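To start, the structure under review is shown below, and the notes come after it.
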Amino acid sequence: MMAPIRLCIAALASLCFTTPTEAHQRKPLPFTFSSTPSGFQLGGPNLAPEIRVAPDDLPGVIRVANDLAIDFGKVLGTNVTVVKADWKSTLSSKPSRPVIIIGTVGRSTLMDGLAASKKLDTATLASKWESFSYQVVQNPWEGQEAAFAIAGSDIRGSVFGAYDVAEKIGVSPWYWWADVPPTKRQYIWASDITYTEGPPSVKYRGIFLNDESPGLTSWGHAKYKDSQYGSPFVTDFYKRIFELVLRMKGNYVWPAMWSSMFYLDDAKNGPTATEYGIFMGTSHHEPMARADKEQSRFLKGSWDWKSNKGGVQSFMQEGATRSKNWSTIYTLGMRGSGDAASATLTAAALEEVIAWQQSVLKKALAKPLSQIPQAWVMYKEVPGYWQKGMKVSDDVTLLWSDDNRGNIRRIPIGNEPNRSGGSGMYYHFDYVGDPRNYKWINTIQLQKTWEQMTLAYDRGIENIWIANVGDLKALELPTAHFMALAWDREAFQAVDSTEAWLTDWSSRQFGEAVAQVTSDIMTMYGKLTARMKYEDLSRTPFYFNTVNYDEAEANYREWADLLAKAQATHDSLPSDVQIPFFELVLHPVLAGKTVFEIYTKVAMGSKHANEHRTSANQLAKEVQASFSADSGITKRYHSLLNGKWDKILSQNHIGYSNWQEPSSQTLPKLSYTTSAAKNALMGVIAQGNTASFPTTAKLSLLPLSPFTPKSVHRWVEIYTRDNGTFSYKITSNASYINITNSEGKLTTPGGPSDARSLISVDWASAPSGSSTATLAVTNVDSPTAVGTVAVPLENVAIPSDFKGHLEYAGAVSIEAEHFSPPPASSAAYLIVPDYGRTLSGVKLPPKTPSQAAGKGHALVYPFYTFTSASAATLTVYLSPSENANPNSPNKYSFSVDGANSATVQPVPLSDGSKQPTGWSEAVIQNAYVSKQKLGKLAPGKHELRLWLLEPTMVVTKLVVDVGGLKTSLMGPPESVWI
């Protein structure tokens with residue numbers, strides 16, 4: 001097991017910490033930037049450091065010394081020199097500038113010289129994996145008052161140390177890929193502390209460039225000279241990728257593979273990766289370091305072990321021979337051709353494949369298997385082989401996967417955590433396949449990533465983490481978060497650590513002044529996209545209900561409010577910071593809001609057309625305008641920095657009709673109205689209704705009570721049904737009914753065609769118990785046109801000693817985190833803030849053992865009903881988590897009013913080769929929705945108890961239906977708690 005990383009300050013050892021919140025408050029800074037002397041000066045006006053690196057150090061370390069010099073130059077605005085010098089020549093030198101020494105313990109004469117002279121303690125780094133420290137060294141050699149030393153335990157330790165210094169002085173890892181400008185400094189002082197990081201939490205951490213057409217490939221063709229095979233992904237491209245991965249303290253890459261061959265597209269690709277310190281791998285269906293596209297060019301015969309074993313073996317053997325001198329993690333196993341299941345492979349045959357592959361690797365690399373990184377990717381149908389009892393050598397890392405939508409399919413069970421090869425996770429931020437592709441822009445909720453990868457790590461998945469990042473552009477934020485998690489899991493122990501990390505990350509990209517608001521924006525963005533991915537919005541009927549709970553309208557309003565917040569933040573920034581803010585924050589909000597606007601207004605337009613509202617025609621125009629705006633937003637992105645990112649966002653994303661992307665952007669079907677009947681100019685609709693006046697003369701609102709949530713409005717809308725003008729008036733037969741916009745004039749075209757009137761009640765004056773008030777909506781210009789709206793009232797009281805949630809409109813809606821504080825067992829749960837679609841998620845800690853039904857840790861929800869229900873139901877909203885432990889599938893128990901508990905398994909078991917029944921619908925709506933019968937429920941006090949029996953599941957919301965629950969995606973807004 002890799003030891004978790006710690007961040008410790010040697011001079012203040014008591015300040016070692018485990019959570020970002022504490023770190024933000026208590027961690028001493030390794031650098032300061034004021035004009036007041038503080039520590040060892042590395043830079044100032046007309047003063048820049050000299051960077052020294054030993055010529056006998058590794059090439060990747062010499063390379064990064066030059067990067068560090070460039071980074072200091074960007075920050076200070078002064079040229080920085082790099083000097084290759086061994087220890088002997090350094091002893092006689094007397095530089096006139098501050099000296100920074102960078103080197104690898106055991107490889108650099110500079111570092112080893114400092115250690116031998118007792119000036120620098122490198123013992124704590126010796127033999128560690130990818131660790132580094134930096135500090136001011138006093139009197140490092142005679143005549144030199146001080147120097148700043150960056151020491152690495154190995155090549156990547158040294159590289160990470162250099163890049164960590166660069167980031168802390170003001171150069172973002174995303175300076176090139178997201179155009180984050182360096183922070184300009186007049187002064188840089190190194191504090192008198194020793195700063196140490198490493199070893200990493202996860203041994204191999206990286207990204208997979210995938211699904212890279214049309215975006216990344218089209219952009220690449222314009223920026224790089226194609227290889228002889230027509231690929232733009234040559235060494236100059238990969239140098240940018242390798243540098244980014246290393247700046248994020250990663251070490252692993254799966255290369256682009258849709259139309260590329262990493263080792264053949266550029267002969268320098270393989271050796272360059274090794275020189276940089278990057279381990280290369282290949283995807284789940286490309287074994288033995290050979291690309292899928294090599295099969296069609298160089299494989300003799302079919303890609304089939306059964307019928308063409310000799311040809312397949314020769315092909316794989318060449319992969320091992322070609323890559324034997326480079327840093328490689330070998331993908332083992334075999335699938336069918338082109339990311340498909342094999343029609344002929346059996347578990348026994350696959351055992352033979354892997355055993356043969358290992359024999360080849362052992363011979364070609366002349367190493368024992370324990371020293372050869374190798375992974376078998378348990379993707380799609382592959383876990384089905386393992387579940388049938390297949391066996392492979394313990395040296396192989398079992399690289400488990402999610403379901404392509406961010407839900408882990410499997411965690412290690414039984415003896416699997418004890419295997420010497422350990423376990424890994426292949427995770428997706430981008431995907432092509434059922435139920436829909438999602439490969440345009442970021443739709444990843446960071447809190448979900450935190451929850452799932454925390455589960456993975458805490459259950460022993462710590463040897464490999466790799467994320468499918470698609471085109472990389474537009475997925476910068478989830479990529480940075482994933483890599484931070486993999487490097488330092490210890491810093492993400494707290495349930496609010498994602499918010500703390502996001503605030504800190506935002507500060508480093510855009511400045512401290514907007515860090516918190518940026519964090520808030522992207523947290524809300526994650527919640528909105530968790531409700532529905534853009535590619536799923538075209539499904540009919542529209543998932544967001546246009547009638548019940550004003551769901552579609554409320555969801556769109558949140559998008560509009562978020563855009564206003566993002567735009568205002570963008571406009572407050574300096575012009576050079578506006579560019580990365582647009583790329584990373586404003587663009588996804590603006591583009592996302594525009595796509596949601598298109599589909600929401602299409603759905604609302606259909607509703608308005610059914611109500612014969614002239615506003616349906618206006619909504620159609622607005623949809624067309626948004627459709628055009630979508631293209632304009634993409635053009636704006638592509639024109640940034642004189643076209644640096646031209647074509648990178650060329651993915652079609654509007655008009656999906658099946659899993660595959662549409663061949664072109666397609667405007668959804670629009671709805672229009674035609675002329676109304678004579679003397680029927682006025683229309684009236686009451687909130688929650690599908691029928692309208694004059695088709696229906698009498699309408700009715702949903703019930704109102706003193707306990708209706710403030711966020712829930714009851715309203716009546718008056719509208720024009722044809723071109724013309726009329727005045728309206730709304731009156732009530734009850735003085736305690738309050739009406740906004742009770743009179744006015746509507747006109748079409750040219751004037752307001754709709755008016756909404758909010759209905760509220762003076763409950764102190766309203767009669768007790770059940771009653772009904774009546775509204776009359778009159779066309780003043782045609783007094784015979786009168787619509788009536790019934791307003792049911794429930795002026796009810798509750799016992800003074802009751803504490804809990806209250807029914808409104810026939811249902812009790814409860815956010816999962818709002819359980820009653822007692823009993824103490826509730827404290828055994830974690831509340832993950834901002835998780836899911838509404839408020840938060842509640843779950844058991846990942847290491848919690850399976851709980852006994854009705855006897856483990858309980859969540860207690862007191863609630864009060866006013867309606868007598870003969871057939872009440874309970875709806876439990878759960879994350880779309882898989883049965884990650886097939887021996888202990890996801891289950892929950894519930895009980896009402898002390899009755900015997902009932903146990904529910906919301907996710908059916910599968911054989912490991914395919915997704916469980918109901919999976920597609922669950923991932924589309926990002927929830928398993930489990931409905932259970934409660935039977936009779938009398939009015940009064942009640943208590944719901946819920947037990948989550950497995951740590952692999954998350955509950956987000958609960959709704960008790962006593963006869964009034966309406967269809968919706970996310971359930972009713974939360975009930976009042978008193």
Does the range 757-775 contain at least one residue that is within 19 Å of residue 687 (Cα to Cα) and either in contact with an Asp or Glu (Cβ under 8 Å, 6 or more places away or on another chain) or aromatic (Phe, Trp, Tyr) (or both)?
yes
Filter the range 358-411 down to the residues that are touching a Ser or Thr at 6+ places or on another chain (Cβ under 9 Å) and aromatic (Phe, Trp, Tyr), then identify the one that is surrounded by the most Cβ atoms within 10 Å (Cβ to Cβ).
376
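Taking the residues in the range 843-872 that are in a strand (DSSP E or B) and of a type in the set (Ser, Thr, Tyr) as candidates, determine which candidate is farthest from residue 707 (Cα to Cα).
If we take residues in the range 843-872 being in a strand (DSSP E or B) and of a type in the set (Ser, Thr, Tyr), then 870 is farthest from residue 707 (Cα to Cα).
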Taking the stated definitions as given, is residue 968 closer than 30 Å to residue 555 by Cβ, surrounded by 21 or more Cβ atoms within 10 Å (Cβ to Cβ) and not assigned by TED's automatic domain parsing to the domain that holds residue 847?
no
So which of 226, 211 is acidic (Asp, Glu), part of a loop (DSSP other than H, G, I, E, B) and without any contact (Cβ under 8 Å) to a residue 40 or more places away in the chain?
226
Restricting attention to the range 791-813, which residues are among the aliphatic types (A, V, I, L, M) and surrounded by fewer than 20 Cβ atoms within 10 Å (Cβ to Cβ)?
796, 797, 798
From the options 740, 774, 748, 788, residue that is more than 44 Å from the chain's Cα centre (by Cα), surrounded by fewer than 16 Cβ atoms within 10 Å (Cβ to Cβ) and of a type in the set (Ser, Thr, Tyr):
774
Determine whether the range 940-959 contains at least one residue that is in the same structural domain as residue 836 (by TED's automatic domain parsing), without any contact (Cβ under 8 Å) to a residue 60 or more places away in the chain and in a loop (DSSP other than H, G, I, E, B).
no
Within the range 31-46, is even one residue β-branched (Val, Ile, Thr), surrounded by fewer than 21 Cβ atoms within 10 Å (Cβ to Cβ) and at pLDDT below 95?
yes
Could you tell me whether the range 328-340 includes any residue that is of a type outside the set (D, E, K, R), closer than 23 Å to residue 385 by Cβ, over 33 Å from the mean Cα position of the chain (by Cα) and surrounded by fewer than 19 Cβ atoms within 10 Å (Cβ to Cβ)?
no
Does residue 535 satisfy the condition of being buried (at least 22 other Cβ atoms within 10 Å of the Cβ), modelled with pLDDT of 95 or more, assigned to a helix (DSSP H, G or I) and acidic (Asp, Glu)?
yes
Applying the selection to the range 27-57, what residues are among the β-branched types (Val, Ile, Thr) and part of a loop (DSSP other than H, G, I, E, B)?
36
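Are any residues in the range 451-471 within 16 Å of the chain's Cα centre (by Cα) and either crowded, with 23+ Cβ neighbours inside 10 Å or closer than 19 Å to residue 383 by Cβ (or both), and if so, which ones?
451, 452, 453, 455, 456, 465, 466, 467, 468, 469, 470, 471, listed by residue number.
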Do we find a residue being over 15 Å from the mean Cα position of the chain (by Cα), assigned to a helix (DSSP H, G or I) and among the acidic types (Asp, Glu) anywhere in the range 481-496?
yes
I'd like to check something: does the range 797-805 contain any residue that is in a strand (DSSP E or B) and touching a strand residue (DSSP E or B) at 6+ places or on another chain (Cβ under 8 Å)?
yes
Being under 24 Å from residue 242 (Cβ atoms) and surrounded by 23 or more Cβ atoms within 10 Å (Cβ to Cβ) is the filter here; which residues of the range 179-202 pass it?
180, 198, 200, 202
Residues (modelled with pLDDT of 95 or more, closer than 30 Å to residue 125 by Cα and either charged (D, E, K, R) or outside any loop (DSSP other than H, G, I, E, B) (or both)) located in the range 169-198:
169, 188, 189, 190, 195, 196, 197
Is it true that some residue in the range 760-772 is touching a helix residue (DSSP H, G or I) at 6+ places or on another chain (Cβ under 9 Å) and either of a type in the set (Phe, Trp, Tyr) or not in a loop (DSSP other than H, G, I, E, B) (or both)?
no
Quick check on residue 584: is it surrounded by fewer than 19 Cβ atoms within 10 Å (Cβ to Cβ), of a type outside the set (D, E, K, R) and in contact (Cβ under 8 Å) with a residue 40 or more places away in the chain?
no
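Collect the residues in the range 777-796 that are assigned to a loop (DSSP other than H, G, I, E, B) and within 16 Å of residue 714 (Cβ to Cβ), keeping them in residue-number order.
Within the range 777-796, no residue meets the criteria.
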Candidates 642, 652 - the one that is in contact with an Asp or Glu (Cβ under 6 Å, 6 or more places away or on another chain), surrounded by fewer than 20 Cβ atoms within 10 Å (Cβ to Cβ) and over 20 Å from residue 553 (Cα atoms):
652
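Here is a check on your reading of the model: is residue 494 closer than 30 Å to residue 169 by Cα and modelled with pLDDT of 95 or more?
Yes: the conditions hold for residue 494.
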So in the range 797-815, with the set limited to residues that are touching a Gly at 6+ places or on another chain (Cβ under 7 Å) and aliphatic (A, V, I, L, M), which one is modelled with the highest pLDDT?
811
Starting from the range 292-315, take each residue that is under 17 Å from residue 339 (Cα atoms) and list its partners that are polar (S, T, N, Q) and surrounded by fewer than 13 Cβ atoms within 10 Å (Cβ to Cβ), counting only C-beta distances under 6 angstrom and pairs at least six apart or across chains.
304/344
Would you be able to tell me the number of residues in the range 426-482 that are under 17 Å from residue 648 (Cβ atoms) and either at pLDDT below 95 or of a type in the set (Asp, Glu) (or both)?
3
Close pairs (7 angstrom Cβ cut-off, 6 or more residues apart or separate chains): of a type in the set (Phe, Trp, Tyr) in the range 742-771, surrounded by 14 or more Cβ atoms within 10 Å (Cβ to Cβ) anywhere
763/706; 763/795
Single residue of 816, 828 found to be within 27 Å of residue 412 (Cα to Cα), touching a Leu at 6+ places or on another chain (Cβ under 8 Å) and either without any contact (Cβ under 8 Å) to a residue 60 or more places away in the chain or surrounded by 23 or more Cβ atoms within 10 Å (Cβ to Cβ) (or both):
828
Could you please let me know if residue 573 is touching a helix residue (DSSP H, G or I) at 6+ places or on another chain (Cβ under 7 Å), more than 24 Å from residue 832 (Cα to Cα) and in a loop (DSSP other than H, G, I, E, B)?
yes
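The values are calculated or read from the model by the stated rules, or taken from the named source; none is laboratory data. All figures in this text were calculated on a predicted structure; none of them were measured in a lab. Using ideal geometry, Cβ is built from the backbone for each residue, glycine included, and neighbour counts are taken over all protein chains shown.
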